[in-house]
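Working notes for the structure below.
The values are calculated or read from the model by the stated rules, or taken from the named source; none is laboratory data. As the structure is a prediction and not an experimental result, all values here were calculated from the model. No Cβ is skipped: glycine too gets one built from the backbone with ideal geometry, and neighbour counts run over all protein chains shown.
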Amino acid sequence: MLKIESVSKKFGKKEALSDVDLELDAGIYGLLGDNGAGKSTLMRLLVGVDKPTKGRILYEGEDISQLKGKYRDLLGYMPQEFAVFPGFTAGEFLNYMGALKGLSKRELKEKISRVLAFVNLEDVKDKKVSTFSGGMKRRVGIAQALLNDPKILILDEPTAGLDPGERIRFSNILSNMSKDKIILFSTHIISDIEAITKNIIILNDGKIRAKTTSDKLIEKMEGLVFEVTIPFSELAAYEKKIQIIRMRYEGEYLKIRYTGSTLEGARPVQANLEDYYILHRNEVI
């Protein structure tokens, strides 16, 4: 178990995290929050890059600041701003990162092939990273995080820059890895969280707003979400009556997804996690 006890983090006068309490057992957790919510700060604390201003983080009952190298051996981490050395090939970079993690040459030979296959980069193992697209570099970042078969995997925006096929592949294999690992990943793509896990943590303004399941959050929206098609010219009038969640242009009309009173011509629709998050992300449950 990874346990966060009354953790706060200040940068000068700005408090990025405020009295965060959280327990994570084996499984996969999606971390949702607006820009500046404190997600990256929380992840940096969990991997020991930064230290809490107040509070402590425990792994299996021991403070991670005391575990030091033993704790780092358990970690896999990909930060949001991940940089690779452009002069290296993908294979050379993973060899370098594996050596830093203390893996032997024999272990690296096997593990590099495995993680490159996982991120679908085995065919470009010997190509310079400088020639890679942003999405390919992101996949190299995921690969290095997996090299030491970590017990705790922290991924900050891992699907940023991945195309739809890559995101599906990532989702499927990450789900299969979660049986005996603690996996925490953040993303702005709510559909990615829904595809991978039901375990949701909402963090906004430096505070935990919810640690629950997507099913429980969606239940709160049942019977409250509707769709209606209106002329574009009537949008301003409708905005005064209802809370619009999303809209889509259809010729001279708008299809509106909303919550509020039932309007003429509207039909109830199945609620989803995005509906809850847009409307209630700062509520504590």
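Points worth noting:
- Taking the criterion of being modelled with pLDDT of 95 or more and surrounded by fewer than 14 Cβ atoms within 10 Å (Cβ to Cβ), the residues of segment 12-24 that qualify are D21, E23.
- Members of segment 151-169 found to be modelled with pLDDT under 90 and not in a helix (DSSP H, G or I), listed by number: E157, P158, T159, A160, G161, L162, D163
- Only one of S40, S18, S6 that is at positive phi and in contact (Cβ under 8 Å) with a residue 40 or more places away in the chain: S6
- Enumeration of residues in segment 25-37 that are exposed (fewer than 15 other Cβ atoms within 10 Å of the Cβ), small (G, A, S) and in contact (Cβ under 8 Å) with a residue 60 or more places away in the chain: A26
- Count of segment 228-285 residues which are assigned to a helix (DSSP H, G or I), closer than 20 Å to T213 by Cα, without any contact (Cβ under 8 Å) to a residue 60 or more places away in the chain and not hydrophobic (A, V, I, L, M, F, W, C): 2
- Figure legend. Inter-residue proximity from segment 56-67: first residues in contact (Cβ under 8 Å) with a residue 60 or more places away in the chain and under 17 Å from I183 (Cα atoms), second residues assigned to a helix (DSSP H, G or I) and aliphatic (A, V, I, L, M), beta-carbon distance below 8 Å, spacing 6+ or different chains. Indicated pairs: Y59/L67.
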